[in-house]
Structure formats: C-alpha cells, structure tokens
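Since every read-out is calculated from the coordinates, none of them should be taken as a lab result. Owing to the predicted nature of the structure, the values given are computational and were not obtained by experimental measurement. Counting neighbours? That spans all protein chains shown, and the Cβs are built from the backbone with ideal geometry, glycine included.
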Amino acid sequence: RKVNGLNISYGVYLGRTLMIKRLALTVGALSLSLGLAHAEPEKLTAEDFAKHPAVTGVSMSLEGDVLVGIITDPTDVDKTAAAYWDISGDIDTSKPLLPSNVTPSSRSRFYGAAALKSKKSLWFTTQRYTGALRGCGEGKTTGSTKKYIQKVYLGNEKITDIDDLPDGRAEVGANKMQLRCFEITGDTGVASSLPLDPKNIILQRATTKSGTSYFKHDLSTGREKFLFKASNTENFTLDRKGVVVGKSKLEFEDGEYRSYIRLLNEVTGEFELEDALTTEIKNRYTMDVYAKENGTRNYFVGTDKFDDKVSVYLYNGDTNTFSTEPLFQHPEFDIVGITTSQREQDFGEVLGFSYDGPVRKTFWIDPEMKSIQDGLEAAFPGKNISLNDYTA
C-alpha cells in the first residue's frame, strides 16, 4: 500500500509444523515487505529509521486463532494502528497475511498489544497530557507539566470495540485527587494468562494507595474478583495456575537494604523464609524465582551469586539448597528467563531458556521447538529469528 508516496507493508508470515498449529511468529525477521521478493534494494535514509515499524509486537491467542499487533496506520504513516488477524481458517503460508481488521489511533496512540483467549485482547496506549500533577508521579508540584498518560484497554472479537477495563481500583478512603493521580500514573498488566482456564485471566493493577492488587478477570462477562494485594516493596511469583508460590520483599535493616524471598509450603500453607535466597542489595546479586518444578518443592532460580553470569539453578525448598551445578548456563551472556509448556499434556515442563546477547535469543531444549527454530534459521540466514508465541 502506498501512502503519501511511501510503500507501507504490514503482513506477517505464519508457519505450521507436523499438523500442529504451533505458530512460530518472528517479528522483524519474517514480517517482510509484501513486495520484497520483486523489488530492487534501496538505500536507507534517516527518515526510514524514524518511521514506525510496519508491524511490531505481534501476539497470539492461547487458542491459536487470533493474532494482534501494532502496525503503521495505513492512512497516515506518522501514526500507529491496532491490527487483528483472524487465523482460525486455512492459511496460505507462502505469502504475508494481511490484517482482517484495523483500528487507527485517535487521541491515544497504540504502542503494544497482548492477545488473550476467547478472541479478546489487551491494548496499551499512550496519550499526551498537560496539567497540574501536584506531586503525583514525576513532574512539578505547582503549575502544569507535560507528560504522557498510559492506559490499557480491552478489545473484543475483531476489535470492533476497544473499551475501558472495569475500574475496580479505588480503595476505601481514596479521594478525588488520589483517583486522578491513579488515572495519570496507574499501571495495568497481565499477571497470569491461566492457560488451562478457558475464560479467566489474572490482572495486576497499581492501586490508589501503595501496592499492587491482583484480580481474576472473566473475559466472557467482564466481571472481576479481587484475589490478593502486594505492598509497594513486594513482588509475587505466580505459577501457571495463578497460585502465589513465592514472595519477595525489600526491607531496610541495620542500615542495609535486603531482599527476602519466601516460598510456599504446600503442606502447611505458609510462606517460609529462604535464607539461602536472601541478598543484600549492595552486592547487586540477581536472585529471581522463575518457576516451580512440577510435583516437587524444587524451584528454577536465576542468579549470579556463584558466577559472574546469571545462570539457572534448581533450588530445593525442603533442604534450602541449590543444585551443585547450574541447569542452564551460557558462557557469555546472562540468562533472563525460562519458557514452560502451556499444553495440557506436558503443562509446566521447561521447553527452553532465554539469554541476553546482542539480541535476546531462546535456546530450545524441546526437540520440536528446536527443529522449528533451526528450520527457520536455515530458511532465513543472517536474520534474527524469535519464536514469540505458540500453541498446541
């Protein structure tokens, strides 16, 4: 499509393997120009680098029937638009797939998207704001401040309606100024997609008082149920079923900041302090609980306490000890997370780990995922290939 003399393309390539719709989406590597195969290469200009990406942030629903992402507005290259791809039917994988529905930005500009399930999606937006902050967030306490307000919306099937999420955030005692402050600085995100639950997800929201509240959100009805709350110095680790299995808390004691981690004892229902996971902030150690191993009290923990790179160790919650050797390690780069299966037959099993090199990459342990990665890298030599989402 040509807009104001510029060629704008926003197709994505899809792949299927072994009759399983286990979609490998690679943004940047496989989101190619529609006319790329037949066009002569052109010299890049400064304006090319300043453009919005033709397509970015593509996300797939848990059922594998919907893609959402952000594209360049097909009518105005200086704006972004929300894009929705219906991939429930047969797909011609030999060419890019154009969006089935597009919603342009208005006063708010789309910058991110997350496909959920039941054909619903979250849309992250930013909007310019000029006004009095009065100490709310960054900015002056008097006069007006220019900034951007971030807000999250819920989209329905084919994004014919992108509307506010239920409020559910005002706490008892919140005054009008606190409510306005939350509107300006509040943040909403998906704490857990609950892949085994057909209609619910868990949302986390900053509150009108300090801390973060967690809600179970029913995508079919829009109703929400409050679950629990973390203070402004706490972080929770949820398992794939939405159960809190770990809590980390920052505390100031004896002139030092320390990070304490407590893990759930499923027998007693209590969260037990793990001394081996306690770190002093001044030492700048990474200590992250990634996930819990199925059927055990073992946890996958990323730390650089024993080496100069972050590696993944198995931590035993009964003996309070680490494995003698790392489970996953990269000789040059820090590991930043693990990927676990969302399929019912092997739910929670580790499929691979990600590490931060010049670009973030995933090393796949699962043979099928590794074969997909290897095949794509062979088909597109010299490109950065990243499997963003998949489904069984």
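Packing, taken as the mean count of other beta carbons within 10 Å per residue, orders the peptides 187-198, 56-67 from highest to lowest as 56-67, 187-198. Calculate the length of the line joining the C-alpha centroid of the stretch 229-266 to that of the stretch 308-377, in whole Å. Cα centroid of the stretch 229-266 versus Cα centroid of the stretch 308-377: 23 Å apart. Between ASN101 and ASN320, the modelled labels are 5.4 nm apart [label points 7 Å from Cα along Cα→Cβ]. The order of the peptides 145-154, 247-256, 68-77 by mean Cβ neighbours within 10 Å, most packed first, is 68-77, 145-154, 247-256.
Note: the stretch 255-304, Cα convex hull, 77 Å³ per residue. Could you tell me which of ASN388, TYR285, THR268 has its Cα farthest along the dipole of the stretch 256-392 towards the positive end, charges placed at Cβ (Lys, Arg +1; Asp, Glu -1), taken about the Cα centre? Positive-most Cα among the choices belongs to ASN388.
Evaluate E = 1/(1 + (r/R0)^6) for GLU234 and THR296, where r is the Cβ-Cβ distance and R0 equals 35 Å; express this FRET efficiency to the nearest 0.05.
On the way: r = 25 Å, r/R0 = 0.71.
Computed FRET efficiency for GLU234 and THR296 comes out at 0.90.
What is the stretch 256-346 by shape, rounded, prolate or oblate, if you read a ≥ b ≥ c off the alpha carbon gyration tensor as root eigenvalues and call it rounded for a/c under 1.5, prolate for a/b larger than b/c, and oblate otherwise?
Verdict is oblate for the stretch 256-346.
Once the Cβ-Cβ distance between ASP374 and TYR129 is put in as r, and R0 is 51 Å, what FRET efficiency do you end up with, to the nearest 0.05?
Values: r = 47 Å, r/R0 = 0.93.
Given R0 = 51 Å and the Cβ-Cβ separation, E is 0.60.
Based on the Kirkwood approach, the hydrodynamic radius assigned to the stretch 86-155 is 15.2 Å, with every pair of different Cα atoms included. Treating r as the C-beta distance of THR278 and GLU344 and R0 as 35 Å, the FRET efficiency rounds to 0.45. Length gained on full extension, GLU253 to ASN265: 1.7 nm, using 0.36 nm per residue less the C-alpha separation.
Per-residue Karplus couplings for the stretch 249-258, computed as 6.51 cos²θ - 1.76 cosθ + 1.60 with θ equal to phi - 60°, are listed in order as 9, 9, 9, 9, 9, 6, x, 10, 8, 10 Hz, Gly and Pro entered as x. Only the Cβ atoms of Lys and Arg (+1) and of Asp and Glu (-1) were treated as charged; on that basis the dipole of the stretch 187-340 about its Cα centre amounts to roughly 880 debye.
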